[in-house]
1. Could you check region 491-511 and list, in sequence order, the residues that are touching an Asp or Glu at 6+ places or on another chain (Cβ under 9 Å), assigned to a strand (DSSP E or B) and among the aliphatic types (A, V, I, L, M)?
2. Please give the number of the condition residue 333 fails out of (1) of a type in the set (S, T, N, Q); (2) at pLDDT 95 or above; (3) outside any helix (DSSP H, G or I).
3. Condition (residue is more than 26 Å from the chain's Cα centre (by Cα), modelled with pLDDT of 95 or more, farther than 23 Å from residue 431 by Cβ and crowded, with 24+ Cβ neighbours inside 10 Å) applied to region 133-140: is it met by at least one residue?
4. What's the number of the condition residue 203 fails, among (1) touching a residue at least 12 places away in the same chain (Cβ under 8 Å); (2) out of contact with any Ser or Thr (no Cβ under 6 Å at 6 or more places or on another chain); (3) small (Gly, Ala, Ser)?
5. Might you let me know whether region 42-52 holds any residue that is in a helix (DSSP H, G or I) and over 26 Å from the mean Cα position of the chain (by Cα)?
6. Taking region 409-438 as the search range and keeping residues that are among the β-branched types (Val, Ile, Thr) and farther than 17 Å from residue 381 by Cα, which one is surrounded by the fewest Cβ atoms within 10 Å (Cβ to Cβ)?
7. Kindly provide the set of residues from region 453-490 that are of a type in the set (Gly, Ala, Ser) and outside any helix (DSSP H, G or I), ordered by number.
Amino acid sequence: MTPQIDIRDVPPRAAWALEQAGVHPLLARLYAARGIRSADELDDGLTRLLPPSAMAGTDAAARLLADTLDAGGHIVVVADYDCDGATACAVALRGLAMLGAQPGTLHYVVPDRAIHGYGLTPTIVDLALQHQPALLVTVDNGIAGHAGVDRAHELGIRVLVTDHHLPAVDAHGEPTLPDADVIVNPNQPACTFESKAIAGVGGMFYVLLALRAELRQRGRFDAASQPRLDALLDLVALGTVADVVKLDANNRRLVAQGLKRIRAGRMQAGIAALFAAAGRDPQRASATDFGFSLGPRLNAAGRLADMTIGITCLLTDDPTQAAELARLLDSINRERREVEAGMREQAEVLLESLMPKGEPPAAVVLFDPEFHEGVVGIVAGRLKDRLHRPTFVFAAGSDGLLKGSGRSIPGFHLRDALDLVTKRHPGLLKRFGGHSMAAGCTIEADDFGTFAEALRSVAEEGLDAATLDHRLATDGPLDPRWFDASTVGLLDQQVWGQAFEAPLFADEVDVLRQRLVGERHLKLSVRLHGQVRDAIWFGQIEPVGERVRLAYRLSLDTWQGQMRVQMLVVAAS
């Protein structure tokens, strides 16, 4: 669907105040349009982070971990198979080692997507038994692990849940929590932590900060000699951006600190190797690198192979091993792209039957026996972006059940929609969970039609014309004086992401020439403000008119040793 190109409002007083405080004029305008009112809000220093004590459960978690460390008990981290879970696992293991865990007492297990399902299940607890754990620590999962916690307690194992997902609710709509020894999750009831959008890796980092404070109180070290946990912020930044959580002020500070360390050459061997495998320069690292280069390579392992490859890459201190693993992850990611391309072609065929008049239904739900379980979320996201409709894509799991992953649009809370579906159709969803913009569920194969109709019904009730109207927020025209390489560098140094979107400009242009390159991308030569500019629109094969309004980002293109500024087009009207 062709979006309507809008221009964000820029509060003039806020922009003026930022500029008067020394902020670059272009950045002042961009920040003001994103809700920044004073330069003080742009302070990304570590001292401006929300304190660990503000997150419910961190003090109790610190005492539980400290007691386990003092006793020399084995700790098993229960990871997840996405980038947030992998980085959170690496942060947990590296941090606990820094804080005094005895050699040989730290271990981890990660679910196999096809065998164990998601989260803290009884089968994962049984898998962890090989390490004789005294304590299980979940990262990026566990808030829905009622049965897994119960199984651990049956075996005499304590459980610390660190998560950021929404808890399940009962028939009355009340949140239900597993009976864990301690739960750290800003989205659990009664937690007043301001950054509800913190990623799983950020939550684990906060637990480590609390543990360090607890160990200081126990006399293990003082403030001058305590371990520098900020050395883990490259991992925190990667996991935060890759999980596409809202970049509120606290998350932006975590990401900014991680980027500063990477640009200065202070990073884990695995992070450096992933930059090399992706062909990116860590000295010019940006949040975009996390979201579109490093994150997908780690995620590919969890989608098509085994996330232990990714976690090992993040844990090793051997540059040679890290490079080998990063190259393997790069290869798996190329395979993922091929699988995704095939699935998208199949999805387009299925869509024809759902869109006889070219108009998509209120919610799109697709399944094909050939779909790959590990890639359904990516395909759902691509279709959601194109159709501007909540989208669920299912694949058959090895247990015969259908595993679905969904992506939503602003104004439609996907996890709440699933909750309403299960209330109206008890027993239809075997498992479900997620966020407002992304969720997953498991159903019987025979129930696909029932689920599709049920979700469409909820979407028809919850989506109004304004929500379904695809509008693209831009920052309006770009002043010609900022159309240069230094501006691209300036913008790339900032932290952009979910709910704090990267700059997107909109200008009227005359199209001088256009042609397809690589059979899939539209290459344009346009006249903008009297200057001829290069532009490219990836994934666009239809030509545009002679006079169009383009929504675009700025990027640097290197060709035959020459660096040029080009427009990356995302829409036209």
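1. 506, 511
2. (3)
3. Start the filter on region 133-140 by keeping residues that are more than 26 Å from the chain's Cα centre (by Cα), which leaves 133-135.
Narrowing further to those that are modelled with pLDDT of 95 or more: 133-135.
Next, only the ones that are farther than 23 Å from residue 431 by Cβ stay: 133-135.
Checking which are crowded, with 24+ Cβ neighbours inside 10 Å leaves us with 133.
Yes, that holds for at least one residue.
4. Exception for residue 203: condition (2).
5. Taking region 42-52 as the starting set, the residues that turn out to be in a helix (DSSP H, G or I) are 42, 46-48, 52.
So of that shortlist, the ones also over 26 Å from the mean Cα position of the chain (by Cα) come out as none.
No, that holds for no residue.
6. Initially, region 409-438 is screened for residues among the β-branched types (Val, Ile, Thr), giving 409, 421-422.
From what's left, farther than 17 Å from residue 381 by Cα: 421-422.
Numbers: 421: 21, 422: 18.
Ranking the candidates gives 422 first.
7. Initial filter on region 453-490 (of a type in the set (Gly, Ala, Ser)): 454, 457, 459, 462, 465-466, 473, 476, 485-486, 489.
Those that are of a type in the set (Gly, Ala, Ser) and outside any helix (DSSP H, G or I): 473, 476.
Matching residues to (1) within 22 Å of the chain's Cα centre (by Cα); (2) among the polar types (S, T, N, Q); (3) surrounded by fewer than 20 Cβ atoms within 10 Å (Cβ to Cβ):
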| site | (1), (2), (3) |
| --- | --- |
| 216 | no, no, yes |
| 219 | no, no, yes |
| 224 | no, no, yes |
| 231 | yes, no, yes |
| 234 | yes, no, no |
| 239 | yes, no, no |
| 252 | yes, no, no |
| 264 | no, no, yes |
| 267 | yes, no, no |
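The values are calculated or read from the model by the stated rules, or taken from the named source; none is laboratory data. Just so it is clear, the structure is predicted and the values come from calculations on it, not from any experiment. Cβ: placed from backbone, ideal geometry, glycine included. Neighbour counts: every protein chain shown.
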